[in-house]
1. Going through the range 370-387 one residue at a time, which ones are within 20 Å of Val250 (Cβ to Cβ) and open to solvent by 80 Å² or more (accessible area, probe 1.4 Å)?
2. Within the range 169-177, is there a residue that is surrounded by 13 or more Cβ atoms within 10 Å (Cβ to Cβ) and touching a strand residue (DSSP E or B) at 6+ places or on another chain (Cβ under 6 Å)?
3. Of the conditions (1) open to solvent by 80 Å² or more (accessible area, probe 1.4 Å); (2) of a type outside the set (S, T, N, Q); (3) under 23 Å from Glu193 (Cα atoms); (4) at pLDDT 95 or above, Tyr157 clears all except one; give me its number.
4. In the range 180-236, which residue that is in contact with a helix residue (DSSP H, G or I) (Cβ under 7 Å, 6 or more places away or on another chain) and among the aromatic types (Phe, Trp, Tyr) is most open to solvent (accessible area, probe 1.4 Å)?
5. Yes or no: Ser165 among the hydroxyl-bearing types (Ser, Thr, Tyr), open to solvent by 80 Å² or more (accessible area, probe 1.4 Å) and in contact (Cβ under 8 Å) with a residue 40 or more places away in the chain?
6. Quick check, is Tyr217 outside any loop (DSSP other than H, G, I, E, B) and under 30 Å from Lys257 (Cα atoms)?
7. Please name all residue pairs, on different chains or six or more residues apart, with Cβ atoms under 9 Å, provided the first residue is in the range 215-239 and is free of Cβ contacts under 8 Å to residues at least 60 places away in the same chain and the second residue is open to solvent by 50 Å² or more (accessible area, probe 1.4 Å) and of a type in the set (Asp, Glu).
8. Which residues, taken from the range 172-192, are under 25 Å from the mean Cα position of the chain (by Cα) and either under 30 Å from Leu390 (Cα atoms) or not in a helix (DSSP H, G or I) (or both)?
Amino acid sequence: MKRIISIFALILIVFNSYSQQDSIENEILNYSSTKSDIISKGRRLLLDKFIEGDYAKVKTVKDYLINLEDNDYKAVFAPEHWLILYWTQEYDTLLTGIKNFKKEENYYNQGKINPQLDLLFKKIKEKSIESEYLLQQFISNSVLQDVEKDFLRLHLYFMLTENPSLYQDTINDLADTFLTKYPDNDYENFTREYIRYKLIQGKWGLGFEFFSGYNIYNGDINQYFSNNIPIGIAFDAAYKQFNLYLRAYVGIGKTKKDIIRDDIIWDKGSQANTYSAEISLGPDIIDSKSLKITPFSGISIMGISPTENDISNNKDLKHVELKTVLGYVIGLNLDIKLKKTKLRNYKSFSQNPFGYTVLRLRYTYCVPKFESRYKEFKGNIHYISIGIGLFARQSLIEY
């Protein structure tokens, strides 16, 4: 009897589950006329009427869609709304909307439910580009003040420019003319923040470089070590005309004779690596479009050692290395600016006319002061390096 009751209960549970699923399915299928659906259909109707040229109906549908907007839903994006207002010639609404436009209210109104993707803006812009002269005539024939007419002409040209980055100089010239003609006008802030885009060179700059070259030993140290080939990396920081250089390299050379210290022999002809790091500072004396020349001075640390492989084969060799000592450097930097380079952060280095690829020639005279620890290794170093890298001055938007 209990088994029969259990089976009957199971059947009821399964039946009830299917009934609930069927009910939810019917509810979903019959769910319609949501605000999202109305907005989507309204935008399609708006586009159809715009293509038909029924601008009275376009205005009616547009107003209805705008009234649907609230804290959760967006029906018409700002660029779409603005172009429609040019066609319906509602200039007071257009000018008010532009003046009240806030930077944080971006075109996609993040945080709101946006309309489904469609071709509304694309089609309106295409027809507006084709009919730009007509729209400009509408503006000229309006009863607006001259400052408002000139601003709308500028704004319309800006909106209909298909690739603003290619025509930014022209847009900037038009914006400057407008700002000069109408100082302290109601549309100055919008013009400076959204239409006019001029970059000026900032005070700061950053760069890096990979380099190699040739190091020449002088003095007593030349009796023990051959000249060497450095392989290194450098980082630059600049403020105004002053440059800070951080450089490090490994110089690959050989011993020229047996080096004996504490009865340990570092054999002639063994590989000897020079390790160096330096920091230097210097002012630009020439900084043109193609060339920059900078004398510098600073300090370095340097050491000379057998290779790790040789030390692993003979651990006593670690006792014959010339441990790092403090030294001094002076020299001259010659930067050849090869081509402009666009980097990607607009607040600092993006679309940057002040960034470039650099070919760097550098002469350095180094006094490593090995004699402070090893009397027989007195001497200095001349080295010439050639490197390739990037350098960019900070770019700022001029408002």
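The values are calculated or read from the model by the stated rules, or taken from the named source; none is laboratory data. Worth saying up front: this structure is predicted, and the values here are computed from it rather than measured. Neighbour counts are summed over all protein chains in view; Cβ atoms, including those assigned to glycine, are modelled from backbone coordinates with ideal geometry. Ligands, DNA and RNA are stripped out before the accessible areas are found, and what is left, the full protein with its side chains, is counted by its heavy atoms. Shrake-Rupley method; radii C 1.70, N 1.55, O 1.52, S 1.80 Å.
1. Of everything in the range 370-387, those that are within 20 Å of Val250 (Cβ to Cβ) and open to solvent by 80 Å² or more (accessible area, probe 1.4 Å) turn out to be Ile384, Ile386.
2. Yes, the range 169-177 has at least one match.
3. Just one mismatch for Tyr157, condition (1).
4. Filtering first and then ranking leaves Tyr197.
5. Working: among the hydroxyl-bearing types (Ser, Thr, Tyr): yes; open to solvent by 80 Å² or more (accessible area, probe 1.4 Å): yes; in contact (Cβ under 8 Å) with a residue 40 or more places away in the chain: yes.
It is true that Ser165 is among the hydroxyl-bearing types (Ser, Thr, Tyr), open to solvent by 80 Å² or more (accessible area, probe 1.4 Å) and in contact (Cβ under 8 Å) with a residue 40 or more places away in the chain.
6. Values: outside any loop (DSSP other than H, G, I, E, B): yes; under 30 Å from Lys257 (Cα atoms): yes.
Judged against the criteria, Tyr217 is a match.
7. Qualifying pairs under 9 Å: Gln223/Glu376.
8. The one that is under 25 Å from the mean Cα position of the chain (by Cα) and either under 30 Å from Leu390 (Cα atoms) or not in a helix (DSSP H, G or I) (or both): Asn172.
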